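Here is the structure we will look at.
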Amino acid sequence: MPTASRTTFPSPYELPAPEGAEGWEGLYPYHMLFQTGRREAEEAKFWFCDTQHWPNVLKPFETITPEFAAKCLGQYNTRHFIVPPAYGIESRVVQGYVYLSPVAAPESEVAARVPQFLKRAGYYFEHWDALLENWKRKVLATIREMEAIRFTALPDAQPYEEIEAGIGLDATDALLGRYDRLIALCHRAWQYHFEFLNLGYAAYLDFFQASKQWFPDIPDQGTATMVQGVDMELFRPDDELKRLAKLAVELDLDAALTAPGPGPHTLAALAGRTQGRTWLDAWHAARDPWFNFTSGNGLYSDDTYWMDTPSIPLAYVRDYVLRLRRGETIDRHVAELVAERDRITGEYADLLDPDERASFHAKAGLARKVYPYVENHNFYIEHWAMGVFWRKARELSALLHRAGFWPGENDLFYLSRGEVREALFDYATGWAVGAAPAGPDHWPPEIERRRRIVDALAGRRPEPALNRPPAKVTEPFSIMLWGITSERLRSWLSGSAAVTDGAGELTGMAASPGTAEGTARVVHSPEELDLVREGEILVAPVTAPSWAPVFGRIRATVTDIGGVMSHAAIVCREYSLPAVTGTGSASTRIRTGRRIRVDGTAGTVTFLD
């Protein structure tokens, strides 16, 4: 039943807590909450739920990712590059979900910010390659330093050698310092995350807006097509799997690698064969760094990494081997993408006079130069750096679990990062004094209470937005990245009444061109990817770049959120897969097994039965 249309979204101050989640506010940092004393100011702003990056309820420790993301995105707009019209993006947590609200620079400041932006951003654009090479060195140094951190139990006594050396410090000094350093390195990684990202989007947006001026009827997808067909490191993990599949066929290892239920035993069996050892050498060469890839998006502590769970990449290799045996092509059609990119670019350029054409090519060239970073940073930060970060945090959690602080090995994530510091000092003090710390009595019941709250919050889908929406959405990044348009807001307010049983249509962003019909497979988490069958259409709240190996099995993709420059849209275009993003509610309105048609050129999803 369609719901009655609303004219505004609910106030965050009036949302009732789900049953069993009363007191949820106590789980999250005060500065991430809507404060009672700021109600008038907070209700005057429009907030949308960022389920693209945080589709699930956050545990308290996991708020580190929206905290650092919002702060570090903002610093580059506001303090580094002085972006004329935009400051950062505020973030709040409501019932475990993340809501965002862009902050515009005051009109009175915009003109004065322009020359500063041109000078600062211009320097980065002019020296892009050299600065990016330096960026990689900085990021790798950060990751390696995180990897070197160890959390070990405190000794019974300080080594005698330290007494003779007059060190004067105990093991807790290093333990506390390592935790502080881990948090600082995570923060550093998030600063690097945005060092080039905002500029990358700005260059693309400049090309996008200029194209709109030159060619008012150009579709958004037309502009996106003119930057497609690039060799991205984000696709390297998938490319490595394809290479391993081809090598398996070449070495006649099909039987070993296509048996059901691949896992560590598959690798052990290959080690006993000469050809198998050749293949394993290639496997190990690919593993570091390219298997630092999560099946999720890297923003949650329980994401599963290929590096730690070989059954995930082995299952993808199995798929590719089977497809090769059927005579299918498994490589991306990069040459075709490039040819189409150049054809469209040339046709539009021919419509301009010589002066405009030179400017058009300059803007297109810059957009193409920066475009790979828009996706490549994802591998280095969200996947690799955050994979190491979560691994180290789990190592610390296990240490305090063994000390009796909590019942589960990974229960540390039910504490905020500040509370973890307090628990560590409690552990250190107990060790130093020779008395029992308070944590083993304090935390187990508190963690159980928090676990129940998180479970209760996870049982309710979040409101898509809060407060009164703007009369018209004009903020370009909200449109381009999240697919937040005026039409989308009206759809949310009306309860998407356009969709009816037996017939109807969902609309969204025309994210990747082409049309496909097939049976829908609704997937809510990476754990359900195994259910996707050959020829189905993937429907999900949002996809992750690491789902790319699944794209070989499916005909099209539909997501709830995401604009034409979202990760889902970019990856689908590079895999030549029709896609509609930003539908708002496809994953709840479409049922697995239902036949649908996806028109990625028009941005529609049609029910066929």
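The values are calculated or read from the model by the stated rules, or taken from the named source; none is laboratory data. Every value quoted in this text rests on a predicted model; they were computed, and no experiment measured them. Every residue, glycine among them, receives a Cβ derived from its backbone with ideal geometry; neighbour counts consider all protein chains shown. Quick note on the areas: whole protein, heavy atoms, side chains included, nothing else; ligands and nucleic acids left out. Shrake-Rupley method; radii C 1.70, N 1.55, O 1.52, S 1.80 Å.
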*asked:* Taking θ = phi - 60°, what integer Hz values does the Karplus form 6.51 cos²θ - 1.76 cosθ + 1.60 yield along the stretch 435-440, in sequence order, with x for Gly and Pro?
replied: 10, 5, x, 7, x, x
*Under 5 Å between amide H atoms, partner at least 5 residues away or on a different chain: which partners does residue 468 have, H built in plane at 1.01 Å?*
9
*What lysines sit close enough to residue 369 to cross-link, taking a C-alpha to C-alpha distance under 22 Å and skipping anything fewer than 8 places away on the same chain?*
119, 136, 138, 212
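Based on the mean of other Cβ atoms within 10 Å per residue, sort peptides 233-243, 552-562 so the most packed one is first.
Details: 233-243: 21.0, 552-562: 25.2.
Ranking, from highest mean packing down: 552-562, 233-243.
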*Residues of the stretch 544-559 with amide N under 18 Å of a point placed 7 Å along Cα→Cβ from residue 309*: 544-551
*Got a sec to turn the phi values of the stretch 218-223 into Karplus ³J(HN,Hα) couplings, 6.51 cos²θ - 1.76 cosθ + 1.60 with θ = phi - 60°, whole Hz, x for Gly and Pro?*
5, x, 4, 5, x, 5
*Once amide H atoms are placed 1.01 Å from N in the peptide plane, what residues at a sequence separation of 5 or more from residue 86, or on another chain, have their amide H within under 5 Å of its amide H?*
105
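Using r as the Cβ-Cβ distance of residue 351 and residue 114, and R0 as 30 Å, what FRET efficiency do you calculate, to the nearest 0.05?
Values: r = 29 Å, r/R0 = 0.97.
Rounded to the nearest 0.05, the efficiency is 0.55.
So, for the chain, what is the accessible surface per residue at a probe of 1.4 Å, expressed in square angstrom? Intermediate results must be reported in sequence, preceding the final value.
Numbers: 25430 Å² over 609 residues.
Result: 42 Å² of accessible area for each residue.
In units of 2.2 N^0.38 Å, what is the alpha-carbon radius of gyration of the stretch 206-275?
1.99
Output the peptides 128-141, 505-518 sorted from most to least packed, where packing is the average of other Cβ atoms within 10 Å over each peptide's residues. Please list the in-between numbers first.
Numbers: 128-141: 13.4, 505-518: 22.1.
In decreasing order of mean packing, 128-141, 505-518 become 505-518, 128-141.
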*Roughly what would the spin-label model give for residue 361 and residue 515, points 7 Å off Cα along C-beta, in nm?*
3.7
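Could you quote the convex hull projected area for the chain, Cα atoms only and averaged over all directions, in nm²? If you can, show how the numbers build up before the last one.
Working: hull surface 128.6 nm².
Seen from a random direction, the Cα hull of the chain projects 32.2 nm² on average.
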*Please give the contour-minus-distance gain from residue 129 to residue 505: 0.36 nm per residue of separation, less the Cα-Cα distance, rounded to one decimal in nm.*
130.9 nm
*What FRET efficiency comes out for the pair residue 487/residue 71, r = Cβ-Cβ distance, R0 = 45 Å, nearest 0.05?*
0.90
*Nonlocal amide H pairs with residue 512, under 5 Å, H built at 1.01 Å*: 579
*Roll a 1.4 angstrom probe over the protein heavy atoms and tell me the percent of accessible area of the chain that is carbon or sulfur.*
54
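For residue 609 and residue 528, what does the FRET efficiency come to when R0 = 35 Å and r is the distance between their Cβ atoms, rounded to the nearest 0.05? The partial results should precede the final answer.
Working: r = 23 Å, r/R0 = 0.65.
So, using R0 = 35 Å, E works out to roughly 0.95.
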*Take peptides 470-476, 443-449 and line them up by average Cβ neighbours within 10 Å, highest first, as a rough protection proxy.*
443-449, 470-476
*For the stretch 351-472, state what percent of all Cα-Cα pairs lands in each successive 5 Å bin, counting from 0 Å until the bin that includes the largest distance.*
2, 9, 11, 11, 10, 10, 10, 8, 7, 6, 5, 4, 3, 2, 1, 1, 0
*Roughly how many whole Å is it from the C-alpha centroid of the stretch 136-168 to that of the stretch 557-609?*
49
*Could you go through the stretch 282-299 in sequence order and give the Karplus-derived ³J(HN,Hα) for each residue, using 6.51 cos²θ - 1.76 cosθ + 1.60 with θ = phi - 60°, rounded to whole Hz, and x for Gly and Pro?*
5, 4, 5, 5, 6, 4, 10, x, 6, 8, 7, 10, 9, 6, x, 10, x, 9
*Using only Cα positions of the stretch 1-154, each an equal point scatterer, no hydration layer, compute I(q)/I(0) via Debye at q = 0.11, 0.12, 0.16, 0.19 Å⁻¹ and quote the log10 values to two decimals.*
-0.66, -0.76, -1.08, -1.24
